[in-house]
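These notes concern the structure reproduced below.
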Amino acid sequence: MKRLPDDAPLPGGYREMWRIAAPLLLSMASYTIMQFCDRVFLSRYSSVAIQAALPAGSLAHTLICFFQALTGYAGTFTAHYHGAKEPEQCVRSAAQGIWLALASWPLILLLIPVGLWIIAMSGHAPDVAAAERTYFLILMVGGITVPLNSAAGGYFMGIGRTTVNLISNAFGCSLNVALNYAMIFGHWGFPEMGVAGAAYATLISGGAVCLIQLVLFWRDPVFQAMGLMRALKPDAALLARIIRFGTPSGLQLLMDVGSFMVFIMLTGRMGELAFATSNIALSINHLAFAPLLGFGTAASIVVGQHQGAQRPAASQRAGYTGLKMGLIYMCTIGATFVLFPHAYFELFRPKNAGFTAEEMLGLGRNMLLLVTVSGLLDTVSIVLSGALKGAGDTRFVMIYMTVGSWLMLVPGALLLLWAGVGILGLWGWLAAYMCVLAVGFWWRWRLGRWKTIRVIGNRAFIPRE
């Protein structure tokens, strides 16, 4: 075993994890602020707008997320090749992700009628459904930016240059907030567009982030040394391998996001107060959820790098380190949910609502308690499922998430809705589902079968611990 220098960070320890995670957390924080401002602007615009944006945005994300995860898995290959010290293969992996993203755009457009049918079948109020259709259509037509960002951004994550992701996403989110203010309410010479303005702002800012990351990828020293044609040349064998490991990852995200989208749609059948309060509570929860994705992504990157370098003990340490960091974060922000619910809900006081702020706060206070409990459980699932995907154990994550979401969460929510249980009963069921997921992912990670998976080829496995 090679002895590390005294000042070297422990492989998979806090210093190494924080170096990768910190820019991702700041990037996610900027994204969180953007989403938070979106919801605040829309709630101040009208009650209909805040009711429509979350379900329609979740529906668009559901139909696009498979392609996002599939192209993003090229970043996991990049992490493994980076650990194996093969920089040209890092570039080739990202290039295959870009090709996959371009191929996904026609498929995204073909899914538009499916989404419109789901909105029509949701049973939401006519004015809410009309706003949902507008928001959904705009996001889907410009949906190519999501998988393209995932592929290009995955390259910089995989090689550990997460500051690039931070800078590009911070710029895009700042642009989005400004455009939302201008386009929702009609400021700075823009027409007043309401919920459509929020969707256009999202597309424009997403396109800006995409352009920045693609330009920086093209200017990367390894890319320049390889030349444009060699760097972007399709590689059938590598592409097939990315699809092999990335498809379960994409299906897992589709099943997860899809089941949650159904949950959101079901809350729309419980009246304006329950629907609006639930959507606002979910928007507040996004303050906690998005940075948790940063910890999960960091765990995936560091685990992938150590697996590529054939250091399974460091990979295991990285998974547990990411989990501890995520739990510390969630406990901190969860405390603010419990102690200051009024401050959060006051920001979202809907305009022209058919209920009072006191009614919303009375229901929302209990929702935030459930958000905190669910968030702690969700931390375990997000970080350890990310670590498992970074190690290549995508099939288990897909199967377990599919079984949990579609044989537990959705049927249980439908049964509770049929039985007349209120909105808090549905949220309690969501917390129970999170508990089951957390236990399963913790058990799988502890079992350690992922240590023998070889993502980047059938190489002889010689642990380097």
Among the residues of the stretch 75-118, count how many are among the small types (G, A, S), over 19 Å from G207 (Cα atoms) and either at pLDDT below 90 or surrounded by fewer than 24 Cβ atoms within 10 Å (Cβ to Cβ) (or both). 5
Out of (1) β-branched (V, I, T); (2) modelled with pLDDT of 90 or more; (3) buried (at least 18 other Cβ atoms within 10 Å of the Cβ), the odd one out for I399 is which? (3)
Those residues of the stretch 70-95 that are among the small types (G, A, S) and more than 21 Å from V215 (Cα to Cα) come to a total of 2
Within the stretch 151-167, how many residues turn out to be touching a Leu at 6+ places or on another chain (Cβ under 7 Å) and part of a loop (DSSP other than H, G, I, E, B)? 0
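Would a scan of the stretch 172-187 turn up a residue that is assigned to a helix (DSSP H, G or I) and touching a His at 6+ places or on another chain (Cβ under 8 Å)? Explain how you work it out, then say what you get.
Initial filter on the stretch 172-187 (assigned to a helix (DSSP H, G or I)): 172-185.
Next, from what is left, pick out any that are touching a His at 6+ places or on another chain (Cβ under 8 Å): 181.
Yes, the stretch 172-187 has at least one match.
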When the stretch 214-236 is examined, which residues are found to be among the small types (G, A, S) and surrounded by 13 or more Cβ atoms within 10 Å (Cβ to Cβ)? A231
Is it true that L111 is free of Cβ contacts under 8 Å to residues at least 60 places away in the same chain and either closer than 23 Å to G258 by Cβ or hydrophobic (A, V, I, L, M, F, W, C) (or both)? yes
Answer yes or no: is there a residue in the stretch 176-193 that is crowded, with 22+ Cβ neighbours inside 10 Å and within 24 Å of G296 (Cβ to Cβ). yes
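Please state which one of L102, L42, L54 is in a helix (DSSP H, G or I), under 29 Å from V177 (Cα atoms) and within 16 Å of the chain's Cα centre (by Cα).
Residue meeting the stated conditions: L54.
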Residues R44, R19, R15: which one is more than 30 Å from V303 (Cα to Cα), of a type outside the set (V, I, T), at pLDDT 65 or above and surrounded by fewer than 19 Cβ atoms within 10 Å (Cβ to Cβ)? R44
With criteria (1) closer than 18 Å to I301 by Cα; (2) out of contact with any Cys (no Cβ under 9 Å at 6 or more places or on another chain), A125 comes up short on (1)
Look through the stretch 325-337, keep the residues that are surrounded by 13 or more Cβ atoms within 10 Å (Cβ to Cβ) and out of contact with any Ser or Thr (no Cβ under 6 Å at 6 or more places or on another chain), and return whichever of them is nearest to F295 (Cα to Cα). M325
Check whether at least one residue in the stretch 138-150 is part of a helix (DSSP H, G or I), out of contact with any Lys or Arg (no Cβ under 7 Å at 6 or more places or on another chain) and surrounded by fewer than 18 Cβ atoms within 10 Å (Cβ to Cβ), and report yes or no. yes
Applying the selection to the stretch 261-313, what residues are hydrophobic (A, V, I, L, M, F, W, C), crowded, with 24+ Cβ neighbours inside 10 Å and at pLDDT 85 or above? F295, A298, A299, I301, V302, V303
Can you say whether L211 is at pLDDT 90 or above, of a type in the set (A, V, I, L, M) and surrounded by fewer than 18 Cβ atoms within 10 Å (Cβ to Cβ), as far as the supplied structure shows? yes
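The values are calculated or read from the model by the stated rules, or taken from the named source; none is laboratory data. None of these values were measured; they are calculated from a predicted model. Virtual Cβ from ideal backbone geometry, glycine too; neighbours counted across all protein chains shown.
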